[in-house]
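Trainee: Sharing a structure, written as structure tokens. Questions coming.
The values are calculated or read from the model by the stated rules, or taken from the named source; none is laboratory data. Only a predicted model underlies this, so the values are computations on that prediction, with no experimental measurement involved. Because the Cβ atoms are built from the backbone with ideal geometry, glycine has one as well, and the counts that use them run over all protein chains shown. Heavy atoms of the whole protein, side chains included, go into the accessibility calculation; ligands, DNA and RNA do not. Shrake-Rupley method; radii C 1.70, N 1.55, O 1.52, S 1.80 Å.
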Amino acid sequence: MMDAVSRAVSQREALLVSAPTGIGKTIAALYPAIKESLKAEKKLFYLTSKTLQQDMAVEAMQLLNDGSLRVLRIRAKKKMCAHTEMICHEDFCPFAARYSERWRKRLVERLTNSMTYFDPDLTFELSRSTEVCPFEVSLELIEQADVVICDYNYIFDPTSASRPIRTSAITATAF
């Protein structure tokens, strides 16, 4: 499986793998995908349809990461909203209103200088404490990450994020 994943990633081909639960598909896909994406100097997007699959990908990344990779997990916008209502406009949301270039850059620098795994809980708390939108900060962190773990809707559905996620990347999807 690892050879097939490596070949598919390097040749930018699709690969469908079917195997029983618990056999190690996540780590067997991530290891060669990371290796090939680093070789190609691309970001790796690991896309899932379920939170449990994201948990497994984060767990696998913790085993594989020697501290040299920056890993970002993007949580659903609704779960990252720090306001009482999810109305993303500066006239209605104090976190959107205070999302200035200065605060955003300072917070992103603080996060990227101190960690290799951008935990959504920590991103949420730090963003909320500096009164900037946690979801927008998590999208800003994409630029700093080597591996992004998120719901596949953020890549395939342009309306799911407040702005399109544009990147030239290698993607692996778990269903």
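Trainee: Which of the residues belonging to the stretch 25-60 are of a type in the set (Gly, Ala, Ser) and at pLDDT below 85?
Mentor: The one that is of a type in the set (Gly, Ala, Ser) and at pLDDT below 85: Ser49.
Trainee: I need the full set of residues from the stretch 10-38 which are open to solvent by 50 Å² or more (accessible area, probe 1.4 Å) and closer than 20 Å to Ile142 by Cβ, in order please.
Mentor: The answer is Leu38, and nothing else.
Trainee: What's the total number of residues in the stretch 7-65 that are part of a loop (DSSP other than H, G, I, E, B), closer than 14 Å to Val147 by Cα and either free of Cβ contacts under 8 Å to residues at least 24 places away in the same chain or touching a helix residue (DSSP H, G or I) at 6+ places or on another chain (Cβ under 6 Å) (or both)?
Mentor: 1
Trainee: Residue check: is Thr84 among the hydroxyl-bearing types (Ser, Thr, Tyr) and within 23 Å of Cys150 (Cβ to Cβ)? Give the derivation first.
Mentor: Numbers: among the hydroxyl-bearing types (Ser, Thr, Tyr): yes; within 23 Å of Cys150 (Cβ to Cβ): no.
Considered against the rule, which asks whether it is among the hydroxyl-bearing types (Ser, Thr, Tyr) and within 23 Å of Cys150 (Cβ to Cβ), Thr84 comes out as no.
Trainee: Does Arg75 meet the test of being modelled with pLDDT under 80 and of a type in the set (Lys, Arg)?
Mentor: When the stated conditions are applied, Arg75 does not pass them.
Trainee: I've got another one for you. Among the residues of the stretch 124-152, count how many are over 12 Å from the mean Cα position of the chain (by Cα) and part of a helix (DSSP H, G or I).
Mentor: Our first condition is that a residue be over 12 Å from the mean Cα position of the chain (by Cα); within the stretch 124-152, this holds for 124-134, 136.
Filter once more, so that each one left must be part of a helix (DSSP H, G or I): 124-129, 134, 136.
Count: 8.
Trainee: State whether one or more residues within the stretch 85-102 are closer than 30 Å to Asp66 by Cβ, outside any helix (DSSP H, G or I), open to solvent by less than 40 Å² (accessible area, probe 1.4 Å) and of a type outside the set (Val, Ile, Thr).
Mentor: No; the residues of the stretch 85-102 include none that is closer than 30 Å to Asp66 by Cβ, outside any helix (DSSP H, G or I), open to solvent by less than 40 Å² (accessible area, probe 1.4 Å) and of a type outside the set (Val, Ile, Thr).
Trainee: Still on this structure, I have one more. Take the conditions within 30 Å of Glu36 (Cα to Cα), at pLDDT 80 or above and open to solvent by 80 Å² or more (accessible area, probe 1.4 Å) and apply them to Leu63. Does it pass?
Mentor: Criteria met by Leu63.
Trainee: Continuing with this model, one more query. Report, ordered by the first and then the second residue, all pairs with beta carbons closer than 7 Å, sequence separation of six or more or different chains, a first member in the stretch 114-127 that is more than 15 Å from Val147 (Cβ to Cβ), and a second member that is part of a helix (DSSP H, G or I) and of a type in the set (Ser, Thr, Tyr).
Mentor: Every condition considered, the pairs that remain are Thr123/Ser138.
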